[in-house]
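Only one structure is covered here, and it is reproduced in the block below.
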Amino acid sequence: MEGAMQADAKIRSESGTESGPRGPACSLRHFACEQNLLSRPDGSASFLQGDTSVLAGVYGPAEVKVSKEIFNKATLEVILRPKIGLPGVAEKSRERLIRNTCEAVVLGTLHPRTSITVVLQVISDAGSLLACCLNAACMALVDAGVPMRALFCGVTCALNSDGTLVLDPTAKQEKEARAILTFALDSVERKLLMSTTKGLYSDAELQQCLAAAQAASQHVFRFYRESLQRRYSKS
Amino acid sequence: MAAPAFEPGRQSDLLVKLNRLLERCLRNSKCIDTESLCVVAGEKVWQIRVDLHLLNHDGNIIDAASIAAIVALCHFRRPDVSVQGDEVTLYTPEERDPVPLSIHHMPICVSFAFFQQGTYLLVDPNEREERVMDGLLVIAMNKHREICTIQSSGGIMLLKDQVLRCSKIAGVKVLEITELIQKALENDQKVRKEGGKFGFAESIASQRITAFKMEKAPIDTSDVEEKAEEIIAEAEPPSEVVSNPVLWTPGTAQIGEGIENSWGDLEDSEKEEEDEDGTDEAIILDSLKMDTGVEVSNIGSQDAPIVLSDSEEEEMIILEPDKNPKKIRTQTISAKQEKAPSKKPVKKRKKKRAAN
């Protein structure tokens, strides 16, 4: 555990390495991903986007309680733990969004009457948390070897009051934005798996954000591919 | 996350034990100077809270947790505050540098696992060893060789010299760990002062094959507007949905007529009028509002108040039928619909009991 987790207790130091103001062209922040860093879970991944980092652990397919058993497919459970305090309603709602996304891609029918549990731990939150959680969950599911029909990624867009679009916003940009839209896209045809939005926007802006998210997801999927290629380069 | 057996939301024994031990180790040993946390005597004080998240359980979580907790407390900085007479000014981290907590000493736990009635001793047991151990001895010590907490569990009987030997080993271990902690804290402080990168992001070992980094990637979003316009132009317009809300009283409105009441199938003897309209299963609360609150102006008769209770022992008030049921129905169909079903269940319950 040396250096693996620096608990910031109450004060979160966001100002230190915040990425400089991004120009009018949108850009995604610096990405990093490490897989298989925990020994107990079947699959684990830690995903970093700028200063936001989430650690995901996957257990499955494993035994399921009879009350939660589904006769023809796997029961998917998502648990999201915030950095500070007990999980509340916001976490429950995010868990549901992530679970719906995962259920759409995981081939649960291959493992009926089992449970697949995804546990997400927020390590630091500096904007686009839900997208980071989705990415970490996907990498952890891949690491665990859970069969999926496609990979998925999360992208967050923020709309400013003047109509400009910012991809992968930082916490400051999210606070100042008029609307924040998070999309989960799949890797095969970049179709929309899940969308959640907060704020005011027009339908034209929605389509624009979606198109921008699809463009951004290409980069994320390329990052996944390269990361996995590196991992399996030495057999 | 730490182990498949750890279910969320359930306070397992292990968790309670760990919590208690850490509290004793950190709070009762007075390693933090709590007096310095006072802002205004008798009124305002800082509250410090340590949240420990267990990521992976491969044995000896007590030691790891105690190290994490004490390092977090040493690393923590609280906002600066100044008191001038009655006025208390809280400075944000941007205005004034945050202030560290005043820590007297750093207690660190060291665990010893015993096997075969004390014959074998293992320091820092891993998960497999913990499962088969006879008993566990935890000694919390600081670098000045002062024992802060000592706990023996598992019911093993230890000899005095065994315990002394353990405390000597603990002393050596604690010294090493404390040096390591100091080095890490100094490192972090140095990096922060120089303006370099710090935090969890830097702890990812980039040399490992399982880790991968990608720098900032610019995305070309120049064509999003055209794409969006295309999609909107091709899409069908959304179907018109017109909803007619009916405002009964301030605070009570109704949209829609509801579905047909299915309670009609249960009983044989029923008043026919009550079955005719498609009533909805209105929430009892709704009808209470309507009955006890303001009445709708065009209902002629007054209904007896509905007394609803879960207990079937209580006496139920029999409701009189409306004086002019037909007239009321044509005037205020929806209102009747709202009221009728809530009355129905009550009436039916009475009937059932009468039948039994």
*Taking the stated definitions as given, is A:LEU76 within 7 Å of chain B (Cβ to nearest Cβ) and modelled with pLDDT of 90 or more?*
no
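Looking at B:HIS53, B:HIS57 in this structure, which one is assigned to a loop (DSSP other than H, G, I, E, B), under 22 Å from B:GLU130 (Cβ atoms) and more than 21 Å from the chain's Cα centre (by Cα)? Explain how you work it out, then say what you get.
Details: B:HIS53 fails: more than 21 Å from the chain's Cα centre (by Cα).
Answer to the selection: B:HIS57.
Are any residues in segment A:199-231 more than 7 Å from chain B (Cβ to nearest Cβ), exposed (fewer than 14 other Cβ atoms within 10 Å of the Cβ) and under 17 Å from A:ASN160 (Cα atoms), and if so, which ones?
Step one: list which residues in segment A:199-231 are more than 7 Å from chain B (Cβ to nearest Cβ), which gives A:199-202, A:205-206, A:209-210, A:213-214, A:217-218, A:220-222, A:224-225, A:228-229.
Right, trim to exposed (fewer than 14 other Cβ atoms within 10 Å of the Cβ) and you get A:199-200, A:202, A:222, A:225, A:229.
Hits for segment A:199-231 are A:GLY199, A:LEU200, A:SER202.
Based on this model, can you work out whether A:LEU181 counts as more than 9 Å from chain B (Cβ to nearest Cβ), within 22 Å of A:ALA136 (Cβ to Cβ), assigned to a strand (DSSP E or B) and in contact (Cβ under 8 Å) with a residue 40 or more places away in the chain? Lay out the reasoning, then the answer.
On the way: more than 9 Å from chain B (Cβ to nearest Cβ): yes; within 22 Å of A:ALA136 (Cβ to Cβ): yes; assigned to a strand (DSSP E or B): yes; in contact (Cβ under 8 Å) with a residue 40 or more places away in the chain: no.
Considered against the rule, which asks whether it is more than 9 Å from chain B (Cβ to nearest Cβ), within 22 Å of A:ALA136 (Cβ to Cβ), assigned to a strand (DSSP E or B) and in contact (Cβ under 8 Å) with a residue 40 or more places away in the chain, A:LEU181 comes out as no.
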*Take the residues in segment B:177-214 that are at pLDDT 80 or above and surrounded by fewer than 11 Cβ atoms within 10 Å (Cβ to Cβ), then tell me which one is nearest to A:TYR224 (Cα to Cα).*
B:GLY195
*Residue list for segment B:26-60, filter: among the polar types (S, T, N, Q) and under 27 Å from A:PRO87 (Cβ atoms)*: B:GLN47, B:ASN56, B:ASN60
*Assuming B:ASP80 fulfils every condition listed in (1) within 14 Å of another protein chain (Cβ to nearest Cβ); (2) closer than 28 Å to B:LYS17 by Cβ apart from one, which condition is it?*
(2)
*Could we say that B:LEU55 is among the aliphatic types (A, V, I, L, M), more than 10 Å from chain A (Cβ to nearest Cβ) and buried (at least 16 other Cβ atoms within 10 Å of the Cβ) here?*
no
*Residue list for segment A:128-174, restricted to those being more than 20 Å from A:LEU48 (Cβ to Cβ) and either touching a residue at least 40 places away in the same chain (Cβ under 8 Å) or of a type in the set (S, T, N, Q) (or both)*: A:GLY145, A:VAL146, A:PRO147, A:MET148, A:ARG149, A:ALA150, A:LEU159, A:ASN160, A:SER161, A:GLY163, A:THR164, A:LEU165
*Filter segment B:158-176 down to residues that are more than 21 Å from B:HIS105 (Cβ to Cβ) and touching a strand residue (DSSP E or B) at 6+ places or on another chain (Cβ under 9 Å) and give me whichever is modelled with the lowest pLDDT.*
B:LEU158
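Within segment B:88-200, which strands (runs of 3 or more DSSP E) (wholly inside it) include 2 or more residues that are within 36 Å of the chain's Cα centre (by Cα)?
Passing ranges, in order: B:108-115, B:135-141, B:147-153.
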*Quick one: would you say A:GLU95 is touching a residue at least 12 places away in the same chain (Cβ under 8 Å) and of a type in the set (Asp, Glu)?*
yes
*Give the residues of segment A:38-73 that are crowded, with 18+ Cβ neighbours inside 10 Å, at the interface with chain B (Cβ under 7 Å from one of its Cβ atoms) and assigned to a loop (DSSP other than H, G, I, E, B), sorted by residue number.*
A:LEU38, A:ARG40, A:PRO41, A:ASP51
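Based on this model, can you work out whether A:ALA136 counts as surrounded by 19 or more Cβ atoms within 10 Å (Cβ to Cβ), part of a helix (DSSP H, G or I) and hydrophobic (A, V, I, L, M, F, W, C)? Please lay out each step first, then the result.
Details: surrounded by 19 or more Cβ atoms within 10 Å (Cβ to Cβ): yes; part of a helix (DSSP H, G or I): yes; hydrophobic (A, V, I, L, M, F, W, C): yes.
For A:ALA136, the condition - surrounded by 19 or more Cβ atoms within 10 Å (Cβ to Cβ), part of a helix (DSSP H, G or I) and hydrophobic (A, V, I, L, M, F, W, C) - is met.
Looking at segment B:1-25, which of its residues are touching a strand residue (DSSP E or B) at 6+ places or on another chain (Cβ under 7 Å), within 22 Å of A:PRO87 (Cα to Cα) and touching a residue at least 24 places away in the same chain (Cβ under 8 Å)? Step through it out loud before you land on a result.
Keep residues of segment B:1-25 that are touching a strand residue (DSSP E or B) at 6+ places or on another chain (Cβ under 7 Å), which gives B:1, B:4, B:8, B:21, B:24-25.
Then keep just the ones that are within 22 Å of A:PRO87 (Cα to Cα); that gives B:1, B:4, B:8.
Within segment B:1-25, B:MET1 is the sole residue that qualifies.
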_As an exercise: evaluate A:LEU86 against (1) surrounded by 15 or more Cβ atoms within 10 Å (Cβ to Cβ); (2) within 12 Å of chain B (Cβ to nearest Cβ); (3) not in a strand (DSSP E or B) and give the number of the one condition it does not meet._
(1)
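The values are calculated or read from the model by the stated rules, or taken from the named source; none is laboratory data. Just so you know, these numbers come straight off a predicted model, no measurement behind them. Positions of Cβ are backbone-derived with ideal geometry, glycine not excepted, and every protein chain shown enters the neighbour counts.
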